[in-house]
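What follows is calculated from the coordinates using simple rules that are stated; it is not laboratory data. In this text, all values refer to a predicted model and were calculated from it rather than measured experimentally. Glycine also receives a Cβ, built like all others from the backbone with ideal geometry; neighbour counts cover every protein chain displayed.
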Amino acid sequence: LSSGTDLFILIGPPGSGKGSLSELCIRNLGWTQLSTGNLCRKHIADQTEIGKQIDFAIKSGKLVSDSLVTSMVEEWLQSQMGKVPAVILDGFPRTVAQAKALDEFLKSRNQTLKLSIIRLLISDENVVSRLSNRYICSYIECQAIYSIGVGSTLVPKKSMICDICNYVLIRRKDDEESAIRERLLIYNKHQHDLLNFYKSAQYQVLELNVEKPLSDVFESFKKLVDIGFKK
Ligand SMILES: [Zn+2]
């Protein structure tokens, strides 16, 4: 790894395993993940200046502005730089405006933060089959994820019962096929815009095939990232 902190953005549809891959990086590589959702909640709870503005936007039914999210992320990155080898950004950048703002911030840091874009490749059909086979534990404190897909390593031991807490498994409304196809339409448009921005801004976009078991995905990811670092 380089002397500064490396930043990664995983671009992939719902069901492409962004969360699972991030967890492996945290557990095995000592990386950290920035979740903008969690960071927003922390600012609100701590009643910081940013937190008050976010709280106000949410309470008045507005979207939290790109500039507010960006300044929150930048402040966090400043505080983490050099403390961790790498950070995976989760839920950011959500828009091209946020991507542009991050790009400007990185340029102002004189290469102390290096950003790599990893595009997770999976077909729409595979996303639909993965997500429509996905069930989660109904116990709110658990929410373990299972799959009833043939050959999956996540099949529960007892049919439709959580291995960990014995609560019944449920399917989220979001994971019904029609809902998945709708999410994919929105996602594909969003992905297209972000990738176009990153290509035009001369960032390296690395591609990772995720249509295989998670352990294989992780091995390929580590190789890919090494190649990225050497460049
Ligand atoms: Zn459970």
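Numbers at a glance
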{"item": "Summed residue charge, Cβ within 9 Å of Q33's Cβ, Lys/Arg positive, Asp/Glu negative", "result": "-2"}
{"item": "Extension gain from I170 to I140, taking 0.36 nm per residue of separation minus the Cα-Cα distance", "result": "9.7 nm"}
{"item": "Approximate spin-label separation F56-K42, in nm, with each point projected 7 Å along Cα-to-Cβ", "result": "2.3 nm"}
{"item": "Whole-number percent relative contact order across the chain, with pairs defined as alpha carbons under 8 Å at least 6 apart", "result": "26 percent"}
{"item": "Loop GluC sites (Glu not before Pro), segment 56-162, which have at most 15 other Cβ atoms in a 10 Å radius of their Cβ (DSSP)", "result": "E141"}
{"item": "Top positive-direction residue, dipole computed over segment 29-107 with Cβ charges, set L102, F92, G61", "result": "G61"}
{"item": "For I11, residues with placed amide H under 5 Å, excluding near neighbours", "result": "I118, R119, L120"}
{"item": "Normalised per residue, the volume of the convex hull around the Cα set of segment 115-231 (Å³)", "result": "131 Å³"}
{"item": "Dimensionless Rg over Rh [segment 5-127; C-alpha; Kirkwood]", "result": "0.98"}
{"item": "Karplus (6.51, -1.76, 1.60) ³J(HN,Hα), θ = phi - 60°, over segment 119-135, in Hz, Gly and Pro reported as x", "result": "9, 8, 9, 8, 6, 4, 4, 5, 4, 4, 5, 4, 6, 6, 8, 8, 10"}
{"item": "Loop sites in segment 1-91: trypsin sites (Lys or Arg not before Pro), DSSP, at most 16 other Cβ within 10 Å", "result": "K62, K83"}
{"item": "Centroid-to-centroid separation of segment 46-125 and segment 142-197 [C-alpha atoms, Å]", "result": "25 Å"}
{"item": "Helical contribution to [θ] at 222 nm, DSSP H n ≥ 4, -39,500 (n - 2.57), averaged over the chain, rounded to 500", "result": "-15500 deg cm²/dmol"}
{"item": "Out-of-range pairs (alpha-carbon distance over 23 Å; input K52/K114; K52/K83; K114/K189; K18/K212)", "result": "K52/K114; K52/K83; K114/K189"}
{"item": "Sequence-separation-based contact order of segment 102-187, relative, with Cα cut under 8 Å and 6+ spacing, percent", "result": "24 percent"}
{"item": "Over the chain: Kirkwood hydrodynamic radius from C-alpha pairwise inverse distances, Å", "result": "19.3 Å"}
